[in-house]
Each structure stands twice: as structure tokens, then as C-alpha cells.
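The values are calculated or read from the model by the stated rules, or taken from the named source; none is laboratory data. Bear in mind the structure is a predicted one, so any value in this text is a computation, not a measurement. As a convention, Cβ positions derive from the backbone with ideal geometry for all residues, glycine included, and neighbour counts pool all protein chains shown.
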Amino acid sequence: MAKTKDKVIIFDTTLRDGEQAAGGTLNAPEKLEIARQLERLNVDVIEAGFPISSPGDFEAVKLIAKEVRKPIICGLARAHPQDIDRAWKAIKEAARPRIHVFLSSSDIHLGYQLKKSREEVLHTAAEMVARAKKYTDDIEFSPMDASRTEPEYIYQILKAVIEAGAITVNIPDTVGYAIPDEFGKLIEGILKKVPNIAKAVVSVHCHDDLGLAVANSLEAVRRGARQVECTINGIGERAGNASMEEIVMAIKTRQDFFQLTTQINTNQIYKASRLVSELTGFVVQPNKAIIGANAFRHESGIHQDGVIKMPITYEIMNPKTVGIPSSSLVLGKLSGRHAFKEHLAELGYSLNEEDFNRAFNAFKELADKKKGVTDRDIESVIAEEQRTVSEVYHLDRVQISCGDRGIPTAAVSLIGPGGEVLADAALGTGPVDAVYEAINRIVNVPNELTEFTVKSVTEGIDAIGEVLIRIESEGITYTGRGADTDIIVASAKAYMNALNRLLAAKKADG
Ligand code: KIV
Ligand code: ZN
């Protein structure tokens, strides 16, 4: 990749490090859907996965490499010959393939985990980069746990791997231990003391264990790093990675300070955030910078007064810049197909005829129930419709009876895989339990409900309720979401969503 002095390369690792977050497993179609959104965001590099880690991840990386043509598609590999060969097999069809080789460098990792000397590690790193270089020119190398490694030794490793062909050298703060000034000095030292550093892009990869991932990354950029590895919503191993939306918006909003740019289409940030949250099941905290529900809400009277008079008084960014939909009323029950279609286009959706018809019908149903429909409602309706596209069982009807005296009872009917209607009823400790029991009697896949949360999409008594659940089966967690103005129906939809994902995963495993 050509080095430009003033551009920061955005390397997205949502599909690799992000997916390493506990409970965040994604299947191949889900990874592809996120990769397509990352392409719309215009990221420079997508780290699509760790191909040797599982057959499923190998297939997902392969699929992304074939389908997503604009960004560089990167596969991760340990410094082992089999890993490198497998990574290449997965990415070789990419328009622009990259292999990312990593090997620990700190004495802590060498002594306790690898049980290897510094000389051995130095030799293996260069040897494996040279092996990868036979496949493709675009090789990245990471000395893992770099921030706890003696700087002089990092300089030696980087010199050796650049000689062997690495064109990006990535400095990970693997355990989120660094402090901005210290990390910045490490980057400055690398740029000064590695003799052949001009032949490579210096990258950083920071974890958030001390809540400093973004600060460390930005300090590194200030001191000369020109690639940042980050994830949507900051998801990742343990406390996560540096959050892409925070890095990108800090560089954009404080252009006066950094004098740098990225090529990100920032108006796609919110959609990317929602999609990742939807598919991983990781809820975004309301106060999360840039994309949290409260990020642009002004509660204090003084602030509201200022924003009405002039937004710049209390808003350093315009919510539209990151694609946040407005929460004011936009459509009502008299809005027709044309108005709905135009509005969807304004929001950046382009649905095919069939999906549009389903979305329009769902919108009409909602408009009958709610006084006015907002962009957030529309977003929720479309997400709900998209969830049902590849279902094995579809929720047809749900009816419950409950109260403080009666025994909660539910009757449900589902449309089965062959289009047949399957109905059953059950009692439960509460209405949701009764509905789930009735569904279990039909679908009959053992699982345990491990999490259940409900929240409203907008304010108001007639708001849509969104339910997020997690179920566990044979040690694997599956998430499900459902939205409806009736929260019991939303709960049933969420359960069907999780069960359908479980069934799809079982089918893929044979
Ligand atoms: O955190 C880390 O060190 C990593 C490497 C594989 C780059 O994720
Ligand atoms: Zn990492």
C-alpha cells in the first residue's frame, strides 16, 4: 500500500479480534454481511479472520475474499508454516490479499509460554515472513505483547522482518498495559532507531484493559504511526480493542490538531455499529462516545437552550456526520409506498422488490399501532424483516393469557421448514416462559436461556420494544433479537431468531 504522509490507514479487525470477544461468534453469512458494510464504510483493510482457527472461520475468510473486492482482505497466521499456508488458501482469491503473521516478543511470553530464546524468536519471525512473502507481497508482522518487550529487542525484530519482506509492522499493546506517553515514545523510538523502517508502514493495535486503547492509538498516530487497528463498537478480546468510530471521529473532528485524514465514509458509522451489535448481540452502552443512544442527547436545560440557539454551543459533531437517524416523526399511517421508498433511500437503504414489500407491510402495521413513525422505528422494522430472511421455523402467531391470578398460558403456531403450520400450547412461570415452552414443544432443540433484556427503541408508551436474548447449546452461545410493539411477541421473535441461528449452525456442522 502506498504510504501517504497525511493519511491514517484504517485496519478493521472486528471480524477477527472483535469476534474473539467472549460470546461474539459469527457465522459465515453474518461475517460477510459485516464485511460488506465495512466496504461501504471504506476501510482500507479488513482482517477477515484467523483461517487456521476453525473450518468455519476458514470458509468465512474465503467467502469474504471472493466477495468483497475493494479493501485489502487480511488473514491472520501464527508464525507457523501450516498457519501461513492456510491463511493464504483462504485469502488467495482476494483482489488485494494480505497475510498478517504474529509472534510473541516479550520475555514474559518467551519465558512462560513459548519457552524459546530471543534468538530463536528473531529467526522464526524472519523465516515465517519470508515464507508468507512467497505467496503475496503484502505482509504484515506483529511482535505480540510489544508494549511489554524491551524496545531494543523490538527494533531488532522489526529490522529482520522488514528485511524478510514485511511492508507493515504492527505494534500491539496486547494486554492493554501501555500509557499514552510511554506508548508514543515506543513508536517514536521505532521510527528513529529501526534502520529500514522507511520501507514499512508503522501500525498500532491497542487493547482497552485500562480504558486507554483509543488514547494510546491516537498518541501513536501523533508520533508517526500511520495504520490503526480497531473494531466497530470497540469489541474484542477481554475489554476490547480501540473503537474505530472514536479513532476516526477524533481525527476528523480535531483535524486542526492532528493534520491527518482517513478515507472513512463517516455517515456509514452508525449503520455499521448497529449491524455489529445486532449480529454479535453486544449491546452498545448508552453513553458510548459517537454511537451510544445518549451521545447526542442534551438533558440539561442550559445545554438544550444553547443547542437550539446554535448547535456548536454544546455539539462538537453533527450527528448526521456519523449517520445517526433522527428521532423526530418522519412518516405516518397515511404515508404511501412512494414516500416510504424515498425515505428509505435517504436513510441509505436499497432493498430489492421483495424485501421492500415486506418492509412496507411491516411499516404499515406499525403505523396503525403508533401515532408517528421515526427513523429509529424504521430501522428497527427493517432489521426485524432482515432477521427472518433465512429462517428454518417462522413465528406465525402467538397468543397468551396471563395476570396476577391465572396460570400464564401460551399458544403458538410456527411455519415449519416445509411450509407446514405447527401449533402447540404450554403453561409457564410467566408469559415469556410459557411462550418459550410452547415453542420448545415444536422445535425441540435442547438449550438454556442465559440472558434476556428488553428496551424500547424510542420514547412513548406506544414505542417498539426490542428484546435481546442469548441461549446456550452444547457450550456455544447464540444470540437472538426481536422487535415489536408487544414485548411478548418481541420475546417470541427473539427466541425464534436465536433458535434459527442455532439450527443453521448445526446444519453447517453437518
Ligand atoms: O492483541 C494482539 O496482540 C493481537 C495480535 C494477533 C496482533 O491481536
Ligand atoms: Zn488483539
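For the range 114-126, check the following and say yes or no: at least one residue is crowded, with 24+ Cβ neighbours inside 10 Å and either more than 16 Å from ligand 2 (Cβ to nearest atom) or at pLDDT 95 or above (or both). Checked against the condition, which is being crowded, with 24+ Cβ neighbours inside 10 Å and either more than 16 Å from ligand 2 (Cβ to nearest atom) or at pLDDT 95 or above (or both), the range 114-126 yields at least one hit. Does F282 count as more than 21 Å from L468 (Cα to Cα), in contact (Cβ under 8 Å) with a residue 24 or more places away in the chain and of a type in the set (F, W, Y)? No: the conditions fail for F282. Among the residues making up the range 159-172, those that are among the hydrophobic types (A, V, I, L, M, F, W, C) and under 12 Å from I187 (Cα atoms) are V169, I171.
The set of residues in the range 476-493 that are more than 15 Å from K455 (Cβ to Cβ) and basic (K, R) is empty. Applying a threshold of 9 Å to beta carbon distances and a minimum spacing of six or more residues, or different chains, the list of pairs starting in the range 16-36 at a residue that is among the hydroxyl-bearing types (S, T, Y) and modelled with pLDDT under 85 and ending at one that is in a helix (DSSP H, G or I) and away from ligand 1 (no atom under 15 Å from the Cβ) reads T25/G56; T25/T280; T25/A505. For the range 268-294, name all the residues that are modelled with pLDDT of 90 or more and touching a Lys or Arg at 6+ places or on another chain (Cβ under 7 Å). Of everything in the range 268-294, just one residue is modelled with pLDDT of 90 or more and touching a Lys or Arg at 6+ places or on another chain (Cβ under 7 Å), namely Q268.
Annotation note: of S243, S203, the sole residue that is touching a Gly at 6+ places or on another chain (Cβ under 7 Å), within 16 Å of ligand 1 (Cβ to nearest atom) and touching a residue at least 24 places away in the same chain (Cβ under 8 Å) is S243.
Where helices (runs of 4 or more DSSP H) fall wholly inside the range 151-225, the ranges with 2 or more residues that are within 16 Å of ligand 2 (Cβ to nearest atom) and in the same structural domain as V129 (by TED's automatic domain parsing) are 213-222. Among the residues making up the range 356-377, those that are under 27 Å from the mean Cα position of the chain (by Cα) and among the charged types (D, E, K, R) are R358, D375, R376, D377. The sole residue among I251, I290 that is crowded, with 20+ Cβ neighbours inside 10 Å, more than 16 Å from ligand 1 (Cβ to nearest atom), in a loop (DSSP other than H, G, I, E, B) and aliphatic (A, V, I, L, M) is I290. A search for C-beta distances below 6 Å between a residue of the range 470-498 that is without any contact (Cβ under 8 Å) to a residue 12 or more places away in the chain and any residue that is crowded, with 24+ Cβ neighbours inside 10 Å, counting only pairs 6+ apart in sequence or on different chains, returns nothing. For the range 407-435, the candidate set comprises residues that are more than 14 Å from H394 (Cα to Cα) and hydroxyl-bearing (S, T, Y); within that set, the residue that is surrounded by the most Cβ atoms within 10 Å (Cβ to Cβ) is T409. The single residue among D145, D173 that is within 16 Å of ligand 1 (Cβ to nearest atom), touching a residue at least 40 places away in the same chain (Cβ under 8 Å) and on the phi > 0 side of the Ramachandran plot turns out to be D145.
Among the residues of this structure, A160 does not count as one that is farther than 23 Å from A213 by Cβ, crowded, with 22+ Cβ neighbours inside 10 Å and of a type in the set (A, V, I, L, M, F, W, C).
Looking at Y495, is it over 19 Å from I378 (Cβ atoms), among the hydroxyl-bearing types (S, T, Y) and under 25 Å from the mean Cα position of the chain (by Cα)? Answer is yes for this residue. Per this entry, K333 is not counted among residues that are assigned to a loop (DSSP other than H, G, I, E, B), at pLDDT 90 or above and charged (D, E, K, R). Could you check the range 36-61 and list, in sequence order, the residues that are under 19 Å from P81 (Cα atoms) and not hydroxyl-bearing (S, T, Y)? Of everything in the range 36-61, those that are under 19 Å from P81 (Cα atoms) and not hydroxyl-bearing (S, T, Y) turn out to be G49, F50, P51, I52, P55, D57, F58, V61. Remark: pairs (first residue in the range 98-113, within 27 Å of W88 (Cα to Cα) and near ligand 1 (Cβ under 9 Å from one of its atoms); second residue assigned to a strand (DSSP E or B) and hydroxyl-bearing (S, T, Y); Cβ separation under 8 Å; 6+ apart in sequence or on different chains) = H100/S142; F102/S142. When L191, L103 are screened for being among the aliphatic types (A, V, I, L, M) and surrounded by fewer than 23 Cβ atoms within 10 Å (Cβ to Cβ), only L191 passes. Looking for something within 16 Å of ligand 1 (Cβ to nearest atom), aliphatic (A, V, I, L, M) and surrounded by fewer than 18 Cβ atoms within 10 Å (Cβ to Cβ) - is there at least one such residue anywhere in the range 213-223? No - not one qualifying residue is present in the range 213-223. Scanning the range 226-248 for residues that are surrounded by fewer than 24 Cβ atoms within 10 Å (Cβ to Cβ) and away from ligand 2 (no atom under 16 Å from the Cβ) turns up R226, E246.
Scanning the range 176-185 for residues that are closer than 21 Å to V8 by Cβ and either touching a strand residue (DSSP E or B) at 6+ places or on another chain (Cβ under 9 Å) or within 9 Å of ligand 1 (Cβ to nearest atom) (or both) gives G176, A178, F183.
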